[in-house]
Amino acid sequence: MNIYILLKQVPGTSDVKMDEETGTMIRTDRRNVINPLDENALAEAIRLKRALSDVEVTAISMGPPHAQRALREAIALGADKAILLSHKGFGGSDTLATSKALAKALLTSVNGRLGKNDLILCGERATDGETGQVGPMVAAILDIPVITFVRKITLEDYLLTAERVVEEGLELIKTPLPALVTVIKDINQPEFPTLAGKLNAKSREIPIFSPDDLGISNNEVGLRGSPTRVVKIFKPKLSRDVIMHQQDSSGAAVDNLISFLEKRGAI
Ligand SMILES: Cc1cc2nc3c(=O)[nH]c(=O)nc-3n(C[C@H](O)[C@H](O)[C@H](O)COP(=O)(O)OP(=O)(O)OC[C@H]3O[C@@H](n4cnc5c(N)ncnc54)[C@H](O)[C@@H]3O)c2cc1C
């Protein structure tokens, strides 16, 4: 059985830098980390690998060449293999183009092809883009079941049971494989890499694939393959006025407050 982790490298700070001219994210900052929820997805794959026999864990990322660092870290944490989709043709991809490339990598021989007993794990969302679209889109393109917001997974005879967090409580969902699951942080506590893991990762080759290698045309990925565009980016301006209504025995402060709220249609 193969477990694939879709793993994104994200800025290690909450200060995501954008190019205001092009509306695209600046990804040259070297302080990058594995998207935190993808670490949970990876930790879950390692847990399943320890619990079941004959499981191979592969981390797949699409991003700039320095995303190899995140993939090397994934190997240090216990992934067996890692592959990177990186080429200027992928640049400017929106969530649909990203999902198409990832789905294609799962289907083509670069990755040994998605099998009938395989599982794909993703984070529920990435801390930079934060759309939460990539997991469900990949599943839709592959035409396989998707379960989102998962906090617990059990696998028995290739039947997956997932506990999914919803507003009203929990949903228990069963699905045959192959399936895609997006996880939340409650699912586990990721471990730190061991020294042996780090040494192993250091010497490992991370193969890099281009759209050509995946058999994708340049019209399907990058800006040309992206139906959405960032039209404008700006920081929202917050302005606050403080009006003090001093309470006294006349009760005027309460009347003033009520009339203020009425004027604004709040009551
Ligand atoms: C309109 C638009 C235009 C954009 N233009 C650009 C651009 O020009 N340049 C640019 O660099 N980015 C651009 N982006 C951002 C890029 O599309 C996203 O980085 C990417 O699609 C992932 O989306 P997300 O961050 O919302 O991931 P989410 O959907 O929130 O991520 C959920 C999960 O999907 C998986 N995942 C997500 N992305 C990847 C990935 N790349 N590799 C592996 N797994 C992944 C991870 O498991 C992650 O936890 C654009 C986005 C939009 C919406």
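The values are calculated or read from the model by the stated rules, or taken from the named source; none is laboratory data. Computed from a predicted model, the values in this text were never measured in an experiment. Positions of Cβ are generated from backbone atoms using ideal geometry, with glycine treated the same way; all protein chains shown enter the neighbour counts. The protein model used for the area step is the full one, side chains on, heavy atoms only, and it has no ligands, DNA or RNA in it. Shrake-Rupley method; radii C 1.70, N 1.55, O 1.52, S 1.80 Å.
Under the rule that an exposed site lies in a DSSP loop and has at most 15 other Cβ atoms within 10 Å, name the longest stretch of the chain with no chymotrypsin sites (Phe, Trp or Tyr not before Pro) of that kind, not counting the sites themselves.
1-157
Helix by helix through the chain, keep the DSSP H runs that span 20 Å or more along the axis on Cα and average at least -1.0 on Kyte-Doolittle, and give those back in order.
36-51
Relative contact order for the chain: what percent, with Cα pairs under 8 Å and sequence separation of 6 or more?
Relative contact order, the chain: 24 percent.
Among the GluC sites (Glu not before Pro) within the range 153-185, which fall in a DSSP loop and have no more than 14 other Cβ atoms within 10 Å of their own Cβ?
E167, E168
Please go through the residue pairs K104/K174; K174/K232; K88/K198; K104/K152 and name each one whose alpha carbons sit more than 31 Å apart in this structure.
Exceeds cut-off: K174/K232.
Principal axis lengths of the range 125-221 from Cα atoms, whole Å, largest first?
Cα extents, longest axis first: 43, 43, 34 Å.
Beyond a 28 Å Cα-Cα separation, which of these cross-linked pairs lie in this structure: K202/K235; K81/K185; K237/K263?
K202/K235
Averaged per residue, what accessible area in Å² does the chain show with a 1.4 Å probe, protein chains only?
Spelled out: the 1.4 Å probe surface of the chain, per residue, equals 58 Å².
So which aspartates and glutamates can K8 reach, going by Cα to Cα under 15 Å and dropping same-chain residues fewer than 8 places off?
Excluding near neighbours in sequence, the set is D29, D38, E39, E73, D94, E124, D128, E130.
Going through the range 74-126, which trypsin sites (Lys or Arg not before Pro) have at most 13 other Cβ atoms within 10 Å and a DSSP loop state?
Counting only loop positions with at most 13 other Cβ atoms within 10 Å, the trypsin sites (Lys or Arg not before Pro) in the range 74-126 are R113, K116.
Using helices alone, what [θ] at 222 nm do you get for the chain, with -39,500 (n - 2.57) per DSSP H run of 4 or more residues, divided over all residues and rounded to the nearest 500?
Theoretical 222 nm ellipticity from helices: -8000 deg cm²/dmol.
Using the charge dipole of the range 63-193 (Lys, Arg: +1 at Cβ; Asp, Glu: -1 at Cβ; taken about the Cα centre), state which of A103, P176, I83 has its Cα farthest towards the positive end.
It is I83, whose Cα lies furthest towards the positive end.
Using θ = phi - 60° and the Karplus curve 6.51 cos²θ - 1.76 cosθ + 1.60, what whole-Hz ³J(HN,Hα) does each residue of the range 212-217 get, with Gly and Pro shown as x?
Karplus-based 3J(HN,Hα) across the range 212-217 equals 4, 4, 8, x, 10, 7 Hz.
Please report the antiparallel percentage of DSSP beta bridges with both residues in the chain, rounded to the nearest 5.
Expressed as a percentage, antiparallel bridges in the chain total about 45.
Return one quarter of the surface area of the convex hull spanned by the alpha-carbon atoms of the range 2-214, equal to its mean projected area, in nm².
11.9 nm²
So how do V254, V242 rank on accessible area, 1.4 Å probe, biggest first, that is with the largest at the start?
Solvent-accessible surface, decreasing: V242, V254.
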